[in-house]
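First up is the structure itself, then whatever we jot down about it.
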Amino acid sequence: MGRVAYVNGRFVPHGQAVVHIEDRGYQLADAVYEVWALFGGRMADAAGHFERLERSLSELKIAMPMSRQALTFVLKETVRRNRVREGTVYLQVSRGVAPRDHAFPTAPVRPAVVITVRGLDRAASEARAAKGVTVVTTPENRWGRCDIKTVGLLPNALAKQAAREAGAYEAWFVDDLGFVTEGASSNAWIVDQDGRLRTRDTNANILRGVTRKTLIESMQTEGLMIDERPFTPGDAIAAREAFITGAGSLVLPVIAVDGRPVGDGSVGPVAMRLRNLYIEHAIAGAI
Ligand code: PDD
């Protein structure tokens, strides 16, 4: 059986899944999305992603397309039909289809819903984590509402491409004051010289990562010191360790920034311990 997508109420073969040419997500990036990590076919951090989805939609005045319960059912059914156990499930909700106009449609439109599932090789991800990844920095050039998880990802796509071309895995945006905001598709962290876990606070213009939030809760239970304070690329290089978090990367050690080693340039114990802690927690809470 091939891949299956969910598009506006129907399960369709992935290769034949289409949306209308006047979908506002397609023309205006007037759409939001969420990505859940899948462990054993179950969705990790389900509630956290639903909460952020509801917030993103509400900030854009788009209605929830269906109840959280119904959406959970459809997401899980799409995962089941794809027979994926390890991977990610992607949900996109756009304002809907309407004749092209920047302003919202005056007649009520139904939000458009697309769900896709992708499998991944967990052993390859673990091998990547064990080796560590590298990042490059790029000037922050995104809009002022990065807390809303919209599909308006062009700066993120360009930053990620620049990283790939430089042979790096991720790009870190750096603001006008010289501080790292976050990655193109992940939150950024360091373990500073005092052993504190530092990451940008959520009053800054960043996405409020669900993985970040869950990890902070787990860290607090473990008695680790968290400092939601900005850091510069120089702080990262001088730090003991660095890592990134997200539904795709989970917790991934960073061993170099702009070609300069972080700490001694090897994968550190804290990032690996946090990766295992997060995965344990995610598996236990997955639905
Ligand atoms: N990206 N920051 C940005 C800009 C992101 O795109 C993401 C996630 C994160 C981490 O958020 P979370 O922990 O909730 O996944 C931070 C997803 C995975 C993506 O775009 O594919």
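The values are calculated or read from the model by the stated rules, or taken from the named source; none is laboratory data. Computed from a predicted model, the values in this text were never measured in an experiment. Counting neighbours? That spans all protein chains shown, and the Cβs are built from the backbone with ideal geometry, glycine included. For the accessible areas, the whole protein counts, side chains as well, though only heavy atoms, and no ligand, DNA or RNA atoms are used. Shrake-Rupley method; radii C 1.70, N 1.55, O 1.52, S 1.80 Å.
General remarks:
- Region 215-245, subset aliphatic (A, V, I, L, M), surrounded by 21 or more Cβ atoms within 10 Å (Cβ to Cβ) and in a strand (DSSP E or B), residue farthest from the chain's Cα centre (by Cα): A242
- Cβ-Cβ under 6 Å pairs, at least 6 apart or on other chains, region 57-71 side assigned by TED's automatic domain parsing to the domain that holds D147, far side part of a loop (DSSP other than H, G, I, E, B) and buried (at least 19 other Cβ atoms within 10 Å of the Cβ): none
- Residue list for region 66-83, restricted to those being open to solvent by 60 Å² or more (accessible area, probe 1.4 Å) and either of a type in the set (S, T, Y) or under 15 Å from G9 (Cβ atoms) (or both): S67, F73, R81
- Where G248 falls short, out of the listed (1) within 16 Å of the ligand (Cβ to nearest atom); (2) assigned to a helix (DSSP H, G or I); (3) closer than 20 Å to H49 by Cα: (2)
- Any hit, region 126-144, residues being among the β-branched types (V, I, T), under 18 Å from A31 (Cα atoms) and buried (at least 19 other Cβ atoms within 10 Å of the Cβ): no
- Candidate set: region 47-65, residues that are within 12 Å of the ligand (Cβ to nearest atom) and crowded, with 19+ Cβ neighbours inside 10 Å; chosen: the one farthest from N8 (Cα to Cα): G48
- For first residues located in region 140-156 and outside the structural domain of F173 (by TED's automatic domain parsing), partners that are within 10 Å of the ligand (Cβ to nearest atom) and open to solvent by less than 30 Å² (accessible area, probe 1.4 Å) and lie 6+ apart or on another chain with Cβ distances below 6 Å do not occur.
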